[in-house]
Structures are given as C-alpha cells and as structure tokens.
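Okay, so here's the structure we're looking at.
Readers should treat all values here as calculations from the given coordinates under stated rules, not as data from a laboratory. The structure presented is a predicted model; accordingly, all values stated were derived computationally and were not measured. Using ideal geometry, Cβ is built from the backbone for each residue, glycine included, and neighbour counts are taken over all protein chains shown.
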Amino acid sequence: MSASHVLRWVGGKSFVSAPVDGSPTLLRFDSDDFMDRLLAMLADAPQTLPEFIARPESWQQLAAPTPAPALEAPKSATARALVRQRSLLGFRRPTLPAPPPAQEPQPVLKLFQPVHQRFYVAAAHLVCELPGLPTRTTSGGDRSGMLLRRLFPSGGEAAFVKAPGQPGRWHPVADPHQPLPGEEWLSVFPLAYQTPDGHRRKLLAGLVPAARHDDFRFAPQVPAALPTVADDLKASARMTFIAPWQGLIERARATRDAAGGPVADAPWTDDSGARDDAAKSSLPVANDQLQESSWRLLQDMNEWLAAHLPEVHARLAAGSTGRTQADALLKRLEAAVFDAAKRGQADFQNVFSPNVLPTQRDIGIATNLRAALAAISPVSKTLDGLSFAFPSKADDGSDPWPGFAFPLAVATRGAALEGPFWAWSAVPPDPLADKQDEANALLELLQADLEAAIGEAFDAGILGRARTQAPHAARLAAELEATLKADPGPPHYVLRFVHQRCDCGPLHPAVMSDPSEVFELAGFFDTDAPLRPIRIALPFDTSPGGLRKFGKNSAFIMSDLLCGQMKRVRRLGFGDLVLSVLPWPFHKDLSVPDGGPCGGTGGNSFGTICSLSIPIITIVAFILLIVIATLLDLIFRWLPFLMVCFPIPGLKGKKP
C-alpha cells in the first residue's frame, strides 16, 4: 500500500511572502480585539501578514504597533473586490528569495502575557506535497494541533506531558518529529482567506499560551521521581507543626527583644529599673499567649501522629514500637524536656504569670514533649469548644484549660533557647550563633527523625490514612529545584504543528512541522514587559456631603464570635500598633480587653451583617498604600520609583 501524496506543513506567511518554509509563523497583536484584527487582515489584506510577525521588544524599546483594520469597508461585493485588487497591485511573489541584509544578532524572542496587552498566534498551512501545494482536505476523524517543546542545554527537545491527577512534566523525546503519548496538544482553529494570486487557502492558527509561564517554567524534567505518599507526609509534617513551632520561637524572640535589654550608645538614659519593670509586665502576658498557642500546636501534632503514624501515637504514653526509626522518634520527643529544674533558672525568673506557673498548672504531668502529646489528647475536644482566649475562665468561674503547662516557646530576658531543647545535644552549642537559629536547627533534627519514621512506615506498609493532600508549596519547591538543576537559565521553547490522520496506524505516522523560532515566555513581573494602561477613578467629591451619596452595597457577614473579636480590634488605634512593635523604651504592649461573642440581653448571642461603601473602601486602601509604602521606604528605597503625579487643571471635586 502506498500513499498518492505526502502531507506537509508550511509557515503561515508562505503564500503571501517568500520563501516557502516549514516553520510556523508567530504573529503578535497588541490589543484585546486581536481576533477581529486577524480576521480583518486575512479578509482584506493578507499580503500584510508579515507586518504582524513577532519580533523582540522590551519596555525600553517597544515594537511598532499592530496595524489596525480599515474603519470603513466598501459595502458592495464588487466594491470590496475592486479595493482588494488595487491593494494587490504591485504584489509579486519573487521566484528566488533575496539574500537577507547583514544584521546584528537579535536577542531571543520573548513572548509576553495578555496582562501585558500582548497576544501571540502561531499559524501554519497543512498542504499536500503536489505542484502548487494545495490545501489538504481533512476527514472528520483527523486531528490537528500544536505542541510546545522545551529546549534543554543538554540538547534535544522535551515534550510537556500531563498524566491524570499529576502536574505536567518535561519528557525528553528521542524523535522530535513524533508526539509522545500523553503529550499536551494545544488547540488550533481554521481561518479561510484568499491569497494575493487569487487562490483560496485555509490557515490553521492557535493561541500561544504565554500566560501559563509558571506551569511550563516550574515543571520538572523526567526522569524525576514522582512524589509518593511518604514525600507528601514529610512535607505535611513540616507544614503542620515544624514550621508553626519555628513561628512560635520567632514570636518569643521578638517579644524578648521588645521587652528591652542594655543598649550601647543609646541616645537616652538606660534606666535598668524601668526596663525591668516593663519586662515584668509584658513577658508574662506574652507567655500566656505562647502557652495557648503551644496547646493548640500540641493538638495538631497529636492528631497528625494518630492519623499518619498510629504505631508511634499508640506508644506515646509508654513503651516502644520495636521499629528502629519509630523508637528514635519517640526518644527525640522524650528528650524535649522542660522540667521544674530548668524552669527555675535565672533566665526564666519572673517571665511566667500565675496562670501558667507555678500555682495553676501541674508541672509534673508533662515534663517532656512525649508526655505533653499524650496529655493533650483527653482535653483536645474541650479546647476546640472554647471561644475565649487564655487565661479567661468560663461563665461559671471554672478553669477549662488543660491542667498542665508545656510551652513550646518562651519569651525570656536572657540568651536561653526559646523552647524545650536542653536534652537535644546533637547540635553543638555555638557562643557566636544566634539562639533562634540554634533552635531552628534543633527542630530540623525532629523533622529528620519524622522523615525517617515515615519512610520506615511506608516501606512496611503501616502508614495511617490514605494519601494526604500534598502541600502545594512543598511540591513546588521540589519541582523547581529539579528544574533548575536541569536548566538554570531562562527556558527556551519552540512550537511545532502536528496532524494525526485517523485510522492510518503505523503506515502514516503523525505529520510534524519544523520548529518555530526559538522564544522565551515572560513572567508576570518582567522588566521587559509592556505596560497595559490601567485607570482607576477615585471618587471626585470626597466631602462628607459627597461621600454620603454613595450606597453601601457590599455586605460582610460575621458570626457572633467574629463580631466580638472585631469589637476588641476596633478599640485599638494605629499608634497602639506602632508602639507594640517598637523596642524598649518606646515599646508598649497592646491593651486588648477580654471579650466573648456579641450578645444581647438574656445571654443570647448574635451575628451581624455589615454593609460598607466600596468607594470609601477604595479611598482607604489608596491612603494605606501610600502610608505603608512610605514606612517601608526606609528598607527598600523604592519611593522615587513608586508614583508620579501630573497636575490636571480643571479637574475639580466639587463644582462651583
């Protein structure tokens, strides 16, 4: 069996410009009506298609604007044909291509996103390899599309393959002229037009997905191990309690710094007595908050172990598991000691309130992290039912909080580590190291033991629940690391058109075009990207008389609990927030009175619906933007580049 003729791809400009080539043509448009312009160009002046070919541009040197279609077209068919013939006068397709003029090396073409007001269309013709290259008439089962290929420095092309339920990956291709199974096909659509020599042609075109820069840029290259349940659990453990624990340490450190210490060359008198008084009043309150956060974090740790490492969770109270890595994890938990002897050290004097130590909580219930995890389980449901902050009591005067104290981070006056790490001696103490960095390094030891126990349980097939939802940030970090190893520079891509004939089998494999021009995909924030004009008109009349005319059409629904919390927030001022983050002697703790849910007479609680005015919200957002940008200018030095204002005479807010 033999074929009477062969299919071939030729570029989109091949029949309106010379020479005929096999590479798809990349067309550039700079307005949202790009499809109307493309259709108008093909209908009225297809010989101008080369003017739309994409060329390198940047914000500093923009390309010429896309030609606009004629505003007034002749109404009758005869008049349109006459105008068309006149526009084609002088158009001649040269028999031999003219030698290209000598030019300087051009930078790699960069395709920008629709948000930058740039749209790119790839175009090609599917023809029969016969005299005149007639357009191929396809059957109903035939399939045409585009393939995006990535060029890696190691050589060759890679296809973007997406398995069901998995992110896309770059698979190296042995034969670049054939698609891979599962490779993503980009859609194309037909466009009929008449060439300058009067023949009817069908152009196949497809929109280049420049907005999917992140999908293509961060997808890893195969061979790369697909994430397993164990990989997802390792990332889940870090996000569930290792990273929040590090956040508690950072909060304790910031509180300690704000409480004050001797400051060298300070422009004020270093009153140690006043500094000590400030610390005595602020540290107990901060440690009350850290203790409540620690109880909540112990809940998360306990529930995570019960769900995913049930063998370890079942042995929290006593005993060993009989598995090497699981026993090592239990020993690590047991070595996190915060006992009475350590609590009596000088650094921890006068930093705890009576709500925590020594009178209200039994320090013998949980002397280490393993015991604390076992002790939190019976009171976890009670903790979830509380709607007020520690150390508030219930309405009947009872104390519903756990009967033990085990803070995972402590705000101290000295240089002690802000957490129960004393028996974790694997990291040698460094007198020059920052204590917070040491604490984070010690937490990495716990993460390492967790990962080892997860791997052991995975190999033994005794993990708890089925596959956990993979933390997106952790998976993205792993994929980005693998991608940067394979290609550290800006990714380069090409496009190929492909046509698959139906029911032809191996006798007629897919027909692939030559690669397009090599290009890059620009990110959302790209310094070379053109700027899309954005205009936001703020309210003109901002007087009370003008603002009262705006309707309140934005409704916020709040529960009784959120309503009570918002009442507490509304009593704070901007000055209170600023003073709360300044160091001593300017530091002032936030004074937020305790309060429960919103309620009326008879103990009935209620939620609220608040209706706000969007124009006024916009003014507030703009003012806050300027204020915050001015404050952060102390660090970033960006204010000269943020905003420029032009006066507009006659633009008045209130008409006379």
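Each Lys or Arg adds one and each Asp or Glu takes one away; over the other residues whose Cβ falls under 11 Å from the Cβ of Leu305, this sums to -1. With the highest mean first, a sort of the peptides 383-392, 404-413 on other beta-carbon atoms found within 10 angstrom per residue produces 404-413, 383-392. Please go through the residue pairs Lys13/Lys110; Lys234/Lys485; Lys162/Lys234; Lys234/Lys393; Lys567/Lys655; Lys234/Lys567 and name each one whose alpha carbons sit more than 29 Å apart in this structure. Beyond 29 Å between Cα atoms: Lys234/Lys393; Lys567/Lys655; Lys234/Lys567. Panel order for Val115, Val173, by other beta carbons found within 10 Å of each beta carbon, from fewest to most: Val115, Val173.
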